[in-house]
Amino acid sequence: MSELNLILLGPPGAGKGTQAARLRDDFDLPYYATGDILRAAVKEESELGEEAKSYMDKGDLVPDDLICRVVVERVDSEEARDGFILDGFPRTEPQAEALDQALSGLGRRLTATLLIDASDDEVIRRLSGRRVCKDKGHTYHVEFDPPKNEGFCDQDGSALQQRDDDEPETIKHRLEVFHKQTKPLVEHYEQEGLLRRFDGTRSPDEVNGHIRATLATLRLEEEL
Ligand code: AP5
Ligand code: MG
């Protein structure tokens, strides 16, 4: 079977992490979410975390060279030999170029960039109600996907909390950053014929179904 090298692109709160959790189970691929990697580094107080924290708290992007090193290392690892899911990377033109270069240096290429779209109003609703578990970051929504026991994770029982960057002002800024710095990548991948669009306002299962159907078609086309 050919490798499956996927990017999840989309505004904050569109459901990239929600869909990635399903795709990981569907395809058994390693999952690299730069936001999760950076939040773990902040928690560990590693050098990377110290450098990233001030940018993340404000909702700004961390510098390209910092994040590119982190991702290229993982894409070039043994576990990612048969493919990978990238969530939250690339987010700028230089990041997209760094990824293209790294992949072509390895004789590989992207399979598809999956754009999950949602309006600014929907993003605000989603992020204001998002709750994540303290231990593993399992994600819920107070209205759209509430846990069985209010305030606690269904999967590991740990306490649910709000992400530091889900404050109203920071959400607004993250949206501005998305429109200015990340949205141009939609055109970048469209021109390369890699972009596939999904309506992120549908239910998580519906979005997952659409993504799976698209990937199945892509694979059939590859085999022809
Ligand atoms: P990151 O963690 O990547 O945040 P983000 O892109 O802003 O996206 P989110 O994780 O907030 O949203 P999501 O799309 O994953 O939505 P989710 O599935 O959780 O980045 C954080 C920060 O790290 C950045 O601001 C930056 O500082 C730094 N960073 C990261 N990558 C970087 C890079 N490459 N370069 C530079 N800096 C970088 O869903 C949201 C909510 O909606 C949940 O509550 C969920 O339950 C609910 N929901 C999901 N799907 C649905 C649905 N279909 N219907 C109803 N509700 C839904
Ligand atoms: Mg996420």
Note to self: Quick one: 3J(HN,Hα) in Hz for segment 52-69, Karplus 6.51/-1.76/1.60 with θ = phi - 60°, rounded, Gly and Pro as x.
What the structure shows: 7, 3, 5, 5, 5, 4, 7, x, 8, 7, 6, x, 3, 4, 4, 7, 4, 4
Notebook entry, point to check: Taking the alpha carbon gyration tensor of segment 70-133, what are the square roots of 5 times its eigenvalues, largest first, to the nearest whole Å?
Noted result: 29, 14, 11
Check: By a straight-distance test (C-alpha under 18 Å), which aspartates and glutamates pair with Lys53 as possible cross-link partners, with residues fewer than eight away in the same chain excluded?
Finding: Asp36, Glu44, Glu45, Asp64, Asp65, Asp164, Asp165, Asp166, Glu167, Glu169
Next item on the list: Grab the alpha carbons of segment 1-122, take their convex hull, and tell me the volume per residue in Å³.
Entry: 116 Å³
Item checked: the chain: radius of gyration over Cα atoms, expressed as a fraction of 2.2 N^0.38 Å -> 0.99
Check: When the accessible area of the chain is computed with all protein chains present and a 1.4 Å probe, what percentage of it is carbon and sulfur?
Finding: 46 percent
Notebook entry, point to check: Using a 1.4 Å probe, how large is the accessible area of Ser46, given in Å² and rounded to the nearest 10?
Noted result: 40 Å²
Item checked: Filter on Lys136/Lys183; Lys16/Lys134; Lys43/Lys134; Lys43/Lys148; Lys148/Lys172; Lys43/Lys180 - keep pairs with C-alpha separation over 22 Å -> Lys136/Lys183; Lys43/Lys148; Lys148/Lys172; Lys43/Lys180
Check: In a Debye calculation with equal point scatterers on the alpha-carbon sites of segment 124-224 and no solvent, what is log10 I(q)/I(0) at q = 0.17, 0.18, 0.21, 0.24 Å⁻¹?
Finding: -0.99, -1.04, -1.12, -1.19
Next item on the list: For every other residue with a beta carbon closer than 11 angstrom to the beta carbon of Gly35, add +1 if it is Lys or Arg and -1 if Asp or Glu, then tell me the sum.
Entry: +2
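Given the peptides 97-106, 170-179, arrange them by the average over their residues of other C-beta atoms within 10 Å, most packed first. Please report the intermediate quantities before stating the final value.
Values: 97-106: 14.6, 170-179: 17.4.
Put in order of decreasing packing, that is 170-179, 97-106.
The values are calculated or read from the model by the stated rules, or taken from the named source; none is laboratory data. Nothing here was measured: the structure is a model prediction, and the numbers come from that model. FYI the Cβ positions are ideal-geometry reconstructions off the backbone, even for glycines, and counts take in every protein chain you see. All accessible areas refer to the heavy atoms of the entire protein, side chains included, with ligands and DNA or RNA removed. Shrake-Rupley method; radii C 1.70, N 1.55, O 1.52, S 1.80 Å.
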